[in-house]
Structures are given as structure tokens and as C-alpha cells.
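Worksheet: one structure, shown below.
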Amino acid sequence: MNFARTLIIKPSSMGDVVQALPVLTALKEAHPAAHVSWLVGKSFAGILEGHPRLDEVIVFDRQRFGTFTFSVTVAGEFLAFMKSLRQRRFTTVIDLQGLLRSGLLALATGAPSRVGFRDARELAPLFYTAEVFVPRRIVHAVDRYLAVAQRLGLAGPRARDHLPVSTEARAAIRRRLAEAGLAPGEPFVAVGPHARWPTKEWPAERFAAVVEMLGRYEGARAVLVGSRDAADAARLIARGLAEPPIDLTNRTTLKELAAVLAEARVMLTNDSGPMHVAAAVGTPVVAIFGPTNPARTGPYGPGHRILAGRAACSPCYRRQCLYDRGNAAMLCLTNITPEAVYEQLSAAWRDAGPA
């Protein structure tokens, strides 16, 4: 297979994009001269821009192009985008998204080699020239992506810095934290209280209880992180703390998010995109799981701690709890107590501290 000009298609979401990065590492280790592009959604492009192993980030505006059939102008832009893909003369396309849209984008490139999962959905395999079968025993998303790389003759990546953090982003975050009153080198816990699904969100008041205990017994400062969607949970957490946290929700770029997570001693989080970013930059994670399976999408690598709720219906992968009323509602999350989370978080805090 010719990797001279390779396109990786993985538009979304943030956590999935981050989990696919080891494929890029493996590709560039095996073929350092290859020109590698990545097609990514507009909302998540910032996590890839400036990546030292990427030669080009191709931004796909799904929100705009999703309406192309109803607008002559946007339809023209979409056709021009598809034409630009073909003009790049890719030799190989690796579709890690596995949906109809990504399969069509792969086909539009005209690349002689188009590879994707055999079990891809929405008829995407119709547009591949080669399909990769991934055995059911391979559960975790990262391992599934790497199985594709291995079937393409790429060895498992030796490097572990799949998401390098720029010195500029680190410097910007250190300045921001210093302005907020954090002393240079002072350790802190990053807290990610939001998730895209409401069923994955542990109650904000429980986050507050855990952070309060960590501050009281370990002297830890808290930094709240996330997008603007995390702002409400951040405010609720702040109300429950005697010492105000540093609130960076909706105040960082994706590059700065990676930097603040790299600076943290440990992260406490729901199952979310920032959780995967923290794991990718080497920060120990304490993650709370309810309706999803940590064996499949948990923080990848050693040193992380998982609290998974005990409920007969979990994992259900539902965005709305089947039992949305009464005592059974959200048992997979409400069964996880602040005391249990604090036990894991305090142990992770001490393990990550100075010897």
C-alpha cells in the first residue's frame, strides 16, 4: 500500500479524534516521509492544528454542509470541497469514522486505496477498496483503531506522546493560572463536570463534595475545565466549595485545554472528551462511568482509576434514562458515592505527587 499521500478521516467527536491519534503516530513512525492529512469537524480542528506529525488539517463543516441540498450557495461550496479532496491526489484513505458520510468522502478523494472497518455502519464499506475485520475480543476504541493500522502493516507505535502540548499553550495556561492566584508549581486537580449526554453526568453537588474533601485533607486546589456547556455545572460546584475554584470553563481553546490538563496532577471527570485529552497528555484520570462501558471508551493506558455504577441496565448507551422517575432513576450514577470517588481521587493524588 502506498502511504505517500495519506488521508485519515475521523471528523468527530473530540474524544474519538484523540483516541484515533495513535494511528497517526504508527503511520509516521513507519513512513516518516509520508504526507499525512486529517479530515476533522470544524468544532474539533483545534485539537489537531499544529500537531507535529500532521502535514495538513482539512476542516469539514458538517453543520453547514448538512444543509447543502437546500441552498445553491452551500451546495456549490460542498461540491468545491469534494473537488478539493480529489485534487490532493491521495494515495490512501483510512476511514476511522465508518459512517455513510465518511465513506462518501473517502470515495470522493479518488484514492486507489480506501480502507475502513468491515462492520462500519450506514453502508460505508461499499465505498472501500479494502475492509478490516476487527475481532470482537478487541474491545477498546484505541485498540480497534490500532488493529486497522496493524492490518495495514504498521507496527504498534513506540512513542506515547500522541497529543503533544505546545510550549506556547503551556505558557499561556501558566500565566492564566498565576493570574488566578495559583502559585508556580502548585499542584491542582482538574475537574471536568460535563458530558455530552445528560445520562453521563454525575451530579455537580457530588463533584463539589469530593473537591471539598480533597482540599480539606490534601490541600488541593481545583481548576474547572470544559466548554460553555460545562458552565452551569461549574457554577453549582463553586457554590458548594469553601475555597472558590479556578473556573476555566468556556475560557480555553482546545490547545489550552490540553495544556491545562497536562499541567494538572490528576483529573476528576465524567466520561467525556476532556477525559481522553487528559489521558493522551499523560495525566492520571479518575473517571466516573454510568451508561457507558469503560472497557470500551475508558481513559487509555495505565495509571487511571474508574468508578462504574452498579445497575442491571448498565451499560445501556442511552441519552435518556429508561427509569427517569422514582428511585431507579440514574442508578448507574447515583449509586456512586462522593466517599467512594474521594477514596480513589485521594489515592491518585498521592500517587502522582512527589516521591
With just the Cα atoms of the chain, tell me how far they stretch along each of the three principal axes, in Å, largest first.
-> 60, 47, 43
Which number do you get for Rg(Cα) / (2.2 N^0.38 Å) in the stretch 258-320?
-> 1.13
Aspartates and glutamates within cross-link reach of Lys255: Cα-Cα under 14 Å, excluding same-chain residues under 8 positions apart?
-> Glu49, Glu168, Glu263
Which value, in debye to the nearest 20, describes the size of the charge dipole of the stretch 167-351 about its Cα centre when Lys and Arg Cβ atoms bear +1, Asp and Glu Cβ atoms bear -1, and nothing else is charged?
-> 380
Short to long, in 5 Å steps from zero, the percent of alpha-carbon pairs of the stretch 5-151 per bin is 2, 10, 19, 24, 23, 14, 6, 2, 1, 0
Among Leu126, Leu322, Leu146, flag the residue with its Cα farthest along the positive direction of the charge dipole of the chain, charges on Cβ as +1 for Lys/Arg and -1 for Asp/Glu.
-> Leu126
What percent do you get for the relative contact order of the stretch 87-150 when only Cα pairs under 8 Å and 6+ apart count?
-> 29
When the helices in the chain are scored as -39500 (n - 2.57) per DSSP H run of 4 or longer and the sum is shared across all residues, what 222 nm value do you end up with, to the nearest 500 deg cm²/dmol?
-> -11500 deg cm²/dmol
Could you name the aspartates and glutamates whose alpha carbon sits less than 13 Å from that of Lys28, not counting residues in the same chain fewer than 8 places away?
-> Asp55, Asp161
What share of the DSSP beta bridges in the chain is antiparallel, in percent to the nearest 5?
-> 0
The chain - charge dipole about Cα centre, Lys and Arg +1 at Cβ, Asp and Glu -1, debye rounded to 20 = 880
Rg/Rh of the stretch 222-270 (Cα atoms, Kirkwood Rh), to two decimals, equals 0.95
Take Phe133, Phe90 and order them by how many other Cβ atoms sit within 10 Å, fewest up front.
-> Phe133, Phe90
So, by mean Cβ neighbours within 10 angstrom, what's the order for 196-205, 248-257, 266-275 with the highest one leading?
-> 266-275, 248-257, 196-205
The chain: angle of helix 72-87 to the longest principal axis, Cα-based, in degrees nearest 10 = 70
Give the angle, between 0 and 90 degrees and rounded to the nearest 10, that separates the Cα long axis of helix 338-351 from the longest principal axis of the Cα atoms of the chain.
-> 80
Quick one: angle between helix 100-109 and the longest Cα principal axis of the chain, in degrees between 0 and 90, rounded to 10, please.
-> 50
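Read-outs throughout are calculated quantities, based only on the coordinates presented, and are distinct from any laboratory measurement. All figures in this text were calculated on a predicted structure; none of them were measured in a lab. So basically every Cβ, Gly included, is an ideal-geometry build from the backbone, and we count neighbours across all protein chains shown.
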